[in-house]
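The values are calculated or read from the model by the stated rules, or taken from the named source; none is laboratory data. Being a predicted model, the structure only gives us computed values, none of them experimental.
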Amino acid sequence: MTLKPTPRWMQTALDSAAKASVAMPWQRGARRAEMLARRKGAAAPVAAKRPALAAC
């Protein structure tokens, strides 16, 4: 019994799986830190207003 050649769809799936580069959680540290810093920067003016409201 001879082996059949790999179907085209399977070969395409295997090739794309080999090329896939998924960012693991430990690899995205710099990007995540930058995003959190931007979020904190946008939230800072709102945080400055709240102590004045809390004093009332």
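Odds and ends about this structure:
- Within the stretch 4-30, tally of residues that are under 23 Å from the mean Cα position of the chain (by Cα) and among the basic types (K, R): 2
Each row is one residue, and each column tells you yes or no for (1) at pLDDT 85 or above; (2) β-branched (V, I, T).
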position	(1), (2)
T2	no, yes
W9	yes, no
A18	yes, no
P25	no, no
L36	yes, no
G41	yes, no
P45	no, no
R50	no, no
L53	no, no
